[in-house]
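Read through the structure below, which is laid out as structure tokens, and then see the notes.
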Amino acid sequence: MNSTLKNRKSLITAGPTWVAIDKVRVISSISSGATGIAIAQEAKGHGAKVTLFLGPGSAVLSSQPAPAGAARGGPGLPVAGLKIIKFRYFEELQRLLKDELRRRYDIIIHAAAVSDYRPVKSLSGKIGSSARSLTIRMQKTPKLLGVIRKRAARAFVVMFKLEAGRSGPGLINTAYKAMLAAGADMVVANNVEDVSENKHRAYIVDPEKNVIEAGTNRILAKRLLEEIGKRL
């Protein structure tokens, strides 16, 4: 156990966020929430006081021992003893962050796959199925990292940066620049092609551009918490 993390108040976001097209349809992402769950469980194992905001991903919450394969990032990861608050929509997560960050947190790990765009207008009913085509006009969503940094100026903040078709130095450089722009203290860089049920290659990058590579959700969680502990 890393004693540096004991009793540290930690807020972790995980899973996808939905944005509504109409009353029955949403735009989402392929995020399962498994990485955030693994990080929350690891933080709890170090004695941190963990609150987990969990979106509607496919990772299954369980208080039972992790099944075979869970260490590889599969569903069924144990989360006993965590304070779990579930959300579905972008607006719900935005509101939860604003409300929760009235309290002081030492560590915030923003692993949720947040929607970058949402429809300009969401239909209050249901769009009919008779039209041969459909155009949806989108607008950018506010950056939730801005909310986090503004309301938790003293917290150690970790952000995630997911890219497609970009790996190695290019991925690390992109994530590093995003971290500096957001005012985060550390970034986890991912290439979507390297994320699956059986693997999760990721790079942990700090402001000095030191890089630590991890090959699974569990290894990522362990090394990330170790690095945070060194800096607190």
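We did not get these values from a lab; they are worked out from the coordinates using the rules stated. Small disclaimer: the values here were computed from a predicted structure and weren't measured. With ideal geometry, Cβ positions are generated from the backbone for all residues, glycine too; neighbour counts draw on all protein chains shown.
Please name which of Gly57, Leu96, Asn7 has its Cα lying farthest along the dipole of the chain towards the positive end, using unit charges on Cβ (Lys, Arg +1; Asp, Glu -1) and the Cα centre as origin. Selected residue: Leu96. Overall, the chain carries a charge dipole of about 800 debye about its Cα centre when +1 sits on the Cβ of Lys and Arg and -1 on the Cβ of Asp and Glu, all other atoms neutral. Once the Cα-Cα distance is subtracted from the 0.36 nm per residue extended length, the Glu100 to Ile136 segment shows a gain of 9.7 nm. Any chance you could check the Cα centroid distance between the stretch 209-227 and the stretch 119-133 for me, in angstrom? Cα centres, the stretch 209-227 to the stretch 119-133: 43 Å.
Below 8 Å, C-alpha to C-alpha, sequence gap of six or more: please give me the relative contact order for the stretch 75-229 in percent. All intermediate terms of the calculation are to be shown ahead of the outcome.
Working: 186 pairs, mean separation 25.2, N = 155.
Computed over the stretch 75-229, the figure is 16 percent.
Ranking Val192, Ile107, Val211 by Cα position along the charge dipole of the chain, where only Lys, Arg, Asp and Glu carry charges on their C-beta atoms, puts Ile107 farthest toward the positive end.
With the Cα gyration tensor of the stretch 3-231 in hand, convert its eigenvalues to equivalent ellipsoid semi-axes via √(5λ) and list them largest first in whole Å. Present the calculation step by step, with values, prior to reporting the outcome.
Numbers: eigenvalues 161, 77, 73 Å².
Values for the stretch 3-231, descending: 28, 20, 19 Å.
Between Glu226 and Val211, residue separation times 0.36 nm minus the direct Cα-Cα distance comes to 4.0 nm.
Please figure out what share of the DSSP beta bridges in the stretch 119-232 is antiparallel and state it in percent, rounded to the nearest 5. Working shown, then result.
Values: 10 of 16 bridges.
Of those bridges, close to 60 percent are antiparallel.
Our estimate of slack between Lys177 and Lys6, defined as 0.36 nm per intervening residue step minus the Cα-Cα distance, is 58.5 nm. Taking label positions 7 Å along the Cα-Cβ direction at both Ala153 and Ile84, the computed distance is 3.6 nm, reported to one decimal. Residues whose amide H falls under 5 Å from that of Ile21, counting only those 5 or more places apart or on a different chain, are Val26, Ile27, with hydrogens built in the peptide plane. How tilted is helix 168-182 with respect to the longest principal axis of the chain? Cα atoms for both, answer in degrees (0 to 90, nearest 10). So the inclination is approximately 80 degrees. Taking amide H positions as modeled 1.01 Å from N, with prolines and chain starts lacking one, the residues under 5 Å from Ile109 and 5 or more places away or on another chain are Leu11, Ile12, Thr13, Val158. Rounded to the nearest 0.05, the FRET efficiency derived from the C-beta distance between Leu123 and Asp194 at R0 = 41 Å is 0.65.
Taking the DSSP bridge list for the chain and keeping only pairs wholly inside it, about 35 percent are antiparallel. Taking a threshold of 18 Å on the Cα-Cα distance, which of the pairs Lys9/Lys230; Lys6/Lys98; Lys44/Lys209; Lys177/Lys209 fall above it? Cα-Cα > 18 Å for Lys6/Lys98; Lys44/Lys209; rest within. Here's how it looks for His200: its modeled amide H is under 5 Å from those of Thr216, Asn217, which are all 5 or more places away or on a different chain. Taking the chain as the reference, fit the longest principal axis to its C-alpha atoms, fit the long axis of helix 217-231 to the helix C-alpha atoms, and give the angle between the two in degrees, 0 to 90, nearest 10. It works out to around 60 degrees.
Could you work out how far helix 34-45 tilts from the main Cα principal axis of the chain, as a 0 to 90 degree angle to the nearest 10? Once rounded, the angle reads 30 degrees.
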